[in-house]
Amino acid sequence: MALISRDFRRTYVHFKWPFADFHADSSHAINPPSFSLLRINEPPPLGGDTNWISGYGTFETLSPPFQKFLEGLSAWHSSEHVYESVTNHWHAKLPTRPSETLHPVVRTHPVTGYKSLNLNSGFVTRIDGLNRYESDKLLELLFTHIHTATDHTVRWRWEKNSCALWDNRCATHRATHDYAPLHRSGVRVTIVGEVPVFKEGSRSRKDVERELRNSRNVSAVYNENLRRGV
């Protein structure tokens, strides 16, 4: 459980704070949270919306050759920015050092079986196996792709005590920090998830939907032919 409050990180605009950008909650963990539930107790009268971006959608809008390339890559997710923010700017002492975990760039959702782009600019620091230049340029391209995916974005305007539940395994999110000096606070609960994996043979949501449409069309033609006695 975590307290969400602007007062707690009043100086976030002055340094790298992962939660100010698109992120999946605690993606640096070995088994990151599956679901997150957030209740905003005190929303600002204006601003403070939350945006979610679909990992299904951001993966599907890449070209097939590029999708295939990404499926063979893994990325390092690190809590170093959180650690640095807390220790350097709030002068707090943490019992552990920053954690870093390697996860596939494309993961297979354990329930739907769909492919999802498993990257976020809040915690991902580099692509494994690439040199620094290659990694930085690839991440720059992908983060820009994610940040401009407005056709795969949902924006939620909070009311007092409203709740939102989302799946970190196929979505990233960020709060809109446009309400200073107003107040915004809430409580977030996360559910422990699975270790992210990519399964060969898994399909994208778009591919499955296309197959379903085709099967419906075939069935419709077949039924119409039966009706007409063809």
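Each reported figure results from applying straightforward, stated rules to the coordinates on display, with no laboratory input. Here the structure is a predicted model, which means the values were calculated and not measured. Ideal geometry is used to build each Cβ from the backbone, glycine not excepted, and the neighbour counts take in all protein chains shown.
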inquiry  = Using 0.36 nm times the number of residues separating residue 134 and residue 30, minus their current alpha carbon distance, what extension gain do you get?
reply    = 34.9 nm
query = Among 76, 158, 166, which comes first, second and so on when ranked by fewest other beta-carbon atoms within 10 Å?
reply = 76, 166, 158
ask   = Gain in length, residue 157 to residue 203, computed as 0.36 nm per residue apart minus the alpha-carbon separation, to one decimal in nm?
value = 13.3 nm
query = Among 101, 50, 148, 176, what is the fewest-to-most ranking by other Cβ atoms within 10 Å?
reply = 148, 176, 50, 101
request  = For the range 34-82 and the range 108-143, compute the distance between their C-alpha centroids and round to whole Å.
outcome  = 11 Å
remark   = Going fewest to most other Cβ atoms within 10 Å around each Cβ, 219, 27, 185 line up as 219, 185, 27
message = Quick check: pseudo-label points 7 Å beyond the Cα along Cα→Cβ at residue 194 and residue 68, how many nm apart are they?
response = 2.6 nm
